[in-house]
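Each value in this text was obtained by applying a stated rule to the coordinates, not by laboratory testing. Since the model is a prediction, treat every value here as computed from it, not as a measurement. When we count neighbours, we look across all protein chains shown, and the Cβ atoms used for this are built from the backbone with ideal geometry, even at glycine.
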Ligand code: DC
């Protein structure tokens, strides 16, 4: 028996750290689906294609081989055999991943890929549409959010960002807007997702909260 934990939420809400730590602590597989969208953006840019041009993006998908591995150094992302993990968090990719994640063909391709990875294993999957589209039948769904100012401060610290915090705040607001207003799989809380507001929580408190929910849900059948 396998367990799918779906974590969705806004940028900077603490999804990635929480999901990774929960998976580590339970010995489950961890999948950051944002990295899969970033990997497509990476390849589109590498091939000199335009992220806004749907047919050029689809062309890139045709030759794309993607792999996600869990290692001691965290999740690693491979594009056509190359470990691209360290190149996925640049400002250039931040920008081009928005039009790419709006492209229907990309979403379909990646949703199939993400479902394949989750087959027959205990997994924590994190993203924007995990509880709504990718795994509507997940065993547990959590939606994470926090005040915009708190999220901006976290993002600035995390990226050792040289931008002013007000600019980081503006960028986040724009990302939230694009993520939640797009036509294809917009970011939204599934009706059966539990809300976790991390505005005044530490990472440890967030992780403990999630693990408590998993234990409560299925104490007798989940081997924790
Ligand atoms: O979580 P992140 O910042 O690495 O996500 C990168 C981009 O991919 C972001 O613009 C939202 C998008 N995304 C998505 O549309 N669906 C997902 N399941 C995960 C990320």
Cα-based Rg / Dmax (Å) for the range 154-197
13.5, 39
D (µm²/s, integer) via Stokes-Einstein for the range 82-181, Kirkwood Rh across alpha-carbon pairs, 4 °C, 1.567 mPa s: value 83 µm²/s
Mean Cβ neighbour count within 10 Å, used as a protection proxy, ranking 15-26, 194-205 highest first:
15-26, 194-205
How high is the relative contact order of the range 62-131? Use alpha-carbon pairs under 8 Å, at least six apart in sequence, and give a whole percent.
14 percent
FRET efficiency, 1/(1 + (r/R0)^6) with R0 35 Å, evaluated for residue 181 and residue 73 via beta carbons
0.50
Highest average packing first - 184-192, 132-140, Cβ atoms within 10 Å:
132-140, 184-192
Burial-style ranking of 36-45, 77-86, average other-beta-carbon count within 10 Å with highest first, yields 36-45, 77-86
Measuring from centroid to centroid over Cα atoms, what is the spacing of the range 98-128 and the range 131-170 in Å?
18 Å
Computed over the chain: relative contact order in percent, which uses C-alpha pairs under 8 Å that are six or more apart:
33 percent
Contour minus Cα-Cα span, residue 104 to residue 46, at 0.36 nm per residue, comes to 18.8 nm
One-quarter of the Cα convex hull surface for the range 1-87, in nm²?
7.1 nm²
Report, in cubic angstrom per residue, the convex hull volume of the C-alpha atoms of the chain.
119 Å³
